[in-house]
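In what follows, a single structure is set out as structure tokens and then discussed.
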Ligand code: UTP
């Protein structure tokens, strides 16, 4: 039997142009949502789901991500010696049982290309992909990746993709599932349709930033033609595999685990407000303040 999947690839190399000027010299994955940067929630979610090795695909201007997960002994000593136990507690994530690895995508040629950059390090093992700009569940309270890995192993799938149900009029913004037959909390995936019209959309299930792949995805990515702007799309590689008869499974996020996409301002603002409202110390005061404002 193959070893259980404990490796996740987290692409964080994109330009984040939709969040300029905030992302001119800092990664969008380091923007705070409530108290923590986006990527810290992603790591916490993955750790909860049994991931123990994490490979970031980073790029230019992204070194603050590496710094964030380093152990800052100087800061720890300073906080300890000045008796600031609460603040010290905020650094406990540094001690998490996780091994971090980094590789660079030297040219931003799309998400598919970023995943392909992981090939020399991942080799012939199955692995998780978690987008570094998306949080699943308030404060990352989700075990979707664990459920996906279990399903991947149980059904001997080649691909498992997480989906979120979106309103009909929003299908035009996402990759949408074409399920084979009935959809429940999981379903067989026939195809993915990128940004379909409302009329053409085969479902309202939008790709939601978490995947499990067998290493066959690398072969498919190598055969994927670049699309708009010379970018290699992960969705296109998944479609190649499905067309060739690979087994794809879709898994739906539950109502308690919405996806927070920190890729554009509308969604970033909404996410920040929701997390801030859930803050145990400041949520209630903020709720009052917002009530007064509106
Ligand atoms: P997006 O599709 O939002 O692309 O990335 P982007 O380039 O970051 O953003 P815009 O369109 O310019 O605003 C989804 C995830 O994939 C990573 C991003 O860092 C993000 O976490 N990504 C995207 C890469 O690692 N490399 C790429 O070439 C593109």
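The values are calculated or read from the model by the stated rules, or taken from the named source; none is laboratory data. Predicted model, so just to flag it, every value in this text is computed and none were measured. Glycine gets a Cβ as well: all are built from the backbone with ideal geometry, and neighbour counts include every protein chain shown.
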Checklist entry - Quick check: anything in region 70-77 more than 17 Å from residue 37 (Cβ to Cβ), touching a helix residue (DSSP H, G or I) at 6+ places or on another chain (Cβ under 9 Å) and more than 15 Å from the ligand (Cβ to nearest atom)? => result yes
Checklist outcome for this item: Of 128, 39, 43, the only residue that is crowded, with 18+ Cβ neighbours inside 10 Å, within 16 Å of the ligand (Cβ to nearest atom), farther than 19 Å from residue 28 by Cα and in contact (Cβ under 8 Å) with a residue 24 or more places away in the chain is 128
Item to check | Sole exception among (1) touching a helix residue (DSSP H, G or I) at 6+ places or on another chain (Cβ under 8 Å); (2) within 14 Å of the ligand (Cβ to nearest atom); (3) modelled with pLDDT under 95 for residue 15, by number | outcome: (1)
Item to check | Output for region 155-165, where each listed residue is surrounded by fewer than 19 Cβ atoms within 10 Å (Cβ to Cβ) and in contact with a strand residue (DSSP E or B) (Cβ under 8 Å, 6 or more places away or on another chain) | outcome: 155, 165
Checklist entry - Out of all the residues in region 219-234, which are in a helix (DSSP H, G or I) and surrounded by fewer than 20 Cβ atoms within 10 Å (Cβ to Cβ)? => result 219, 222, 228, 229, 230
Checklist entry - Can you spot a residue in region 48-68 that is within 13 Å of the ligand (Cβ to nearest atom), part of a helix (DSSP H, G or I) and within 17 Å of residue 130 (Cα to Cα)? => result yes
Next on the checklist: Filter region 120-136 down to the residues that are out of contact with any helix residue (DSSP H, G or I) (no Cβ under 7 Å at 6 or more places or on another chain) and closer than 26 Å to residue 269 by Cβ and list them by number.
Outcome noted: 131, 134
Checklist entry - Do we find a residue being assigned to a helix (DSSP H, G or I) and in contact (Cβ under 8 Å) with a residue 60 or more places away in the chain anywhere in region 187-202? => result no
Checklist outcome for this item: residue 83 passes all but one of the listed conditions (1) surrounded by fewer than 15 Cβ atoms within 10 Å (Cβ to Cβ); (2) more than 16 Å from the ligand (Cβ to nearest atom); (3) at negative phi; the exception is number (3)
Checklist entry - In the set 56, 69, 101, which member is surrounded by 18 or more Cβ atoms within 10 Å (Cβ to Cβ) and touching a strand residue (DSSP E or B) at 6+ places or on another chain (Cβ under 6 Å)? => result 56
Checklist entry - Got at least one residue in region 249-267 being surrounded by 14 or more Cβ atoms within 10 Å (Cβ to Cβ) and free of Cβ contacts under 8 Å to residues at least 12 places away in the same chain? => result yes
Next on the checklist: One residue is enough: does region 205-223 have a residue meeting the conditions farther than 30 Å from residue 37 by Cα and touching a strand residue (DSSP E or B) at 6+ places or on another chain (Cβ under 7 Å)?
Outcome noted: no
